Amino acid sequence: MANKDYPRGLQVYGELLQATEYKLSSGYAQDLFIGDPVLQIGTGRDVNIYGGTGPLCGSIIGIYDSNKVPLNYWDSGHSGEGYVLVADHPDQLFVAQGDGLVSYLDEDDSHGNILLVSGSGSTVNYRSGWELDDSDTGDTAAASPIRLIRAVDAPDNTIETANADWIVRINNHQNTAGVVGVGV
């Protein structure tokens with residue numbers, strides 16, 4: 001049976017270890033969704049959407065306007081400041097879906113590093129469009145943002161096919177050093 005194509009960025013897996021509130025600058029002009037990977041900018045509590053390279057801070061788990069009223073997503077046309085709640089503990093586990101565009105991940109890819117690919121978030125389910133880059137297998141660079149832990153063990157999750165779900169953690173975290181190679 002084919003896996004469901006349900007991109008959702010980095011969704012917290014298991015216990016939430018830590019969440020920190022970060023600020024969006026006034027007139028932040030990019031859509032943000034639950035599950036979007038973000039990076040901290042400057043020395044304060046400001047964040048931007050991840051750009052595809054460099055270290056990550058965490059994944060958005062909540063979005064609020066300037067009055068701390070929850071929003072489904074941050075619209076790029078939103079005016080005023082806002083806030084995001086970010087799962088940002090370096091040991092936090094997440095679930096992410098492989099993109100399955102070129103190749104597919106298998107068990108041999110577990111404990112390796114991998115890249116993320118951006119996708120458009122959904123204004124229907126308010127989830128991120130970010131996915132794992134299945135074609136980036138065998139990556140051992142410490143700068144790679146994501147470390148594969150293992151495939152999600154579920155009857156409706158078939159590895160070595162498109163859109164398989166994987167348990168991952170941030171490898172290149174802004175508060176820790178990345179892991180080089182496979183294993184650990």
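FYI, it's all coordinate maths here, none of it is from the lab. No experiment lies behind these values; they were computed from the predicted model shown. All Cβ positions, glycine included, derive from the backbone under ideal geometry; neighbour counts span all protein chains shown.
Work out how much length D5 to S120 would gain on full extension: take 0.36 nm times their residue separation and subtract the Cα-Cα distance, in nm to one decimal.
Numbers: separation 115, 0.36 × 115 = 41.40 nm, distance 1.35 nm.
The span from D5 to S120 would gain 40.1 nm if fully extended.
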Once both labels are modelled 7 Å past Cα along the beta-carbon direction, what's the N175-V69 spacing in nm? 3.1 nm
Sorted largest first, the C-alpha extents of the chain along its principal axes in whole angstrom are 47, 36, 28
Calculated from backbone phi, Karplus (6.51, -1.76, 1.60) coupling profile of segment 146-160 in Hz, x at Gly/Pro: 10, 10, 6, 9, 6, 5, 5, 8, 8, x, 9, 10, 9, 6, 6
Can you give me the relative contact order of segment 88-152 as a percent, contacts being Cα pairs under 8 Å and 6 or more apart? 40 percent
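May I ask you to order 4-16, 89-101 by the average number of other C-beta atoms within 10 Å around their residues, highest value first?
Working: 4-16: 17.2, 89-101: 20.5.
The densest-packed peptide leads the list: 89-101, 4-16.
Remind me, relative contact order of the chain in percent, using alpha carbon pairs under 8 angstrom and six or more residues apart?
Numbers: 528 pairs, mean separation 50.0, N = 184.
Relative contact order comes out at 27 percent.
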What whole-number volume per residue, in cubic angstrom, does the convex hull of the C-alpha atoms of segment 19-87 give? 78 Å³
Picking from I41, P7, S103, whose Cα lies most toward the positive end of the charge dipole for the chain (charges on Cβ: Lys, Arg +1; Asp, Glu -1)? I41
